[in-house]
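What follows is a set of notes on a single structure, which appears directly below.
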Amino acid sequence: MAAPTDRKPVVIADDVHVEYRVLATGKRATAADSARKILQRSRKTRTVHALKGVSFTAYENDSIGVIGSNGSGKSTLMRAIVGLTPTSQGSIYAASRPSMLGVGAALIKDLSGERNVILGGLALGLTLEEIHEKYDEIVEFAGLRKFIELPMRTYSSGMTARLKFAIATARQHEILIVDEALAVGDKTFRDRSEAKIREIRDNAGTVFLVSHSMRSIADTCNRVLWINQGDLMMDGPTDEVIAAYEAS
Ligand SMILES: Nc1ncnc2c1ncn2[C@@H]1O[C@H](COP(=O)(O)OP(=O)(O)O)[C@@H](O)[C@H]1O
Ligand SMILES: [Mg+2]
């Protein structure tokens, strides 16, 4: 895609490769095998080439959908952008530290939703005063008013995900990565989340949204990366890439 030169590049991926070394279970051990033999066997590793030379440039105000079938390397690419997964070849440059939804928000299951809003807000770098200012908005957004005094371990996974999303988006992010978090909510929550993502983008943020919902991607993103088995198949305007993906 020809990039307009007046927009600020925010993330540059240059020939990114990621390889995972995994322990492959060889033949089943039998009772006759010595412990040493079993240990030697389990030392065999296999390499999974999860990304095979992915390059792109993301700009300010870009909202980028990331699509592809299961195991194609979407989450690996997102973790590489955040710096959680090292590249085995190539580089990623980011203009500021990217935030990944859910990661870093060290929520504690035995504490109430209310305490976790405060804790999560502090972890994001908000002051106590800012958290109190935003508290009602976060709780409303998560739709957890009735449950906010209960310990988080009583929440369903959907409720937990909604709370994490609400906390994380209480702050403006320059680079925000959302990996399939929207899938857990109901339609109302999804609509609200999508509006929130558009708001972040409109405030000069850059958003990456990994989703299997083409509707969410179409409603939120101006651009889409399609990844298949570690290769970047296509990078272009949302409607064109979705059409090609669905035709494949
Ligand atoms: N921590 C890991 N260790 C080993 N292999 C992994 C790990 N994470 C992902 N993989 C493998 O890398 C490939 C890409 O996975 P992933 O990035 O999770 O794909 P997606 O998010 O598109 O479903 C898959 O083959 C998966 O099995
Ligand atoms: Mg994934």
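The values are calculated or read from the model by the stated rules, or taken from the named source; none is laboratory data. All values derive from a computational prediction rather than experimental measurement. The accessibility values were calculated without ligands, DNA or RNA, using every heavy atom of the protein model including side chains. Shrake-Rupley method; radii C 1.70, N 1.55, O 1.52, S 1.80 Å.
Could you check what % of the DSSP bridge pairs in the chain are antiparallel, to the nearest 5? Approximately 60 percent, going by the DSSP bridge assignments.
Of all the Cα-Cα pairs you can form in the chain, what percent are over 30 Å apart? So the pairs more than 30 Å apart make up 36 percent of the total in the chain. Per residue, the solvent-accessible area of the chain (1.4 Å probe, heavy atoms of protein chains only, all protein chains present) comes to 52 Å².
The orientation-averaged shadow of the Cα convex hull for the stretch 75-190, equal to a quarter of the hull surface, comes to 7.6 nm². Helix-only mean residue ellipticity at 222 nm, the chain, DSSP H runs n ≥ 4 weighted -39,500 (n - 2.57), per residue, nearest 500. What is it? Here the helix-only value at 222 nm equals -10500 deg cm²/dmol.
At the residue level, Asp179 shows approximately 40 square angstrom of accessible surface with a 1.4 angstrom probe and all protein chains present.
Within the listed set Gly71, Gly236, Gly125, the residue fluctuating most in the Gaussian network model of the chain (springs between alpha-carbon atoms under 10 angstrom) is Gly125. Surface composition of the stretch 133-173: carbon plus sulfur atoms contribute 51% of the solvent-accessible area (1.4 Å probe, protein chains only, all chains present). Listed by chain and number, the lysines whose alpha-carbon sits under 20 Å from that of Lys52, ignoring those within fewer than 8 places in the same chain, are Lys74.
For the stretch 136-248, just say rounded, prolate or oblate: build the C-alpha gyration tensor, square-root its eigenvalues into a ≥ b ≥ c, call rounded for a/c under 1.5, and beyond that prolate if a/b exceeds b/c, oblate if not. In terms of gyration-tensor shape, prolate. Between Ile138, Ile217, Ile108, the GNM of the chain built on Cα springs shorter than 10 angstrom shows Ile108 fluctuating the most. The Cα atoms of the stretch 99-167 cover 27, 23, 19 Å along the three principal axes, with the biggest extent listed first.
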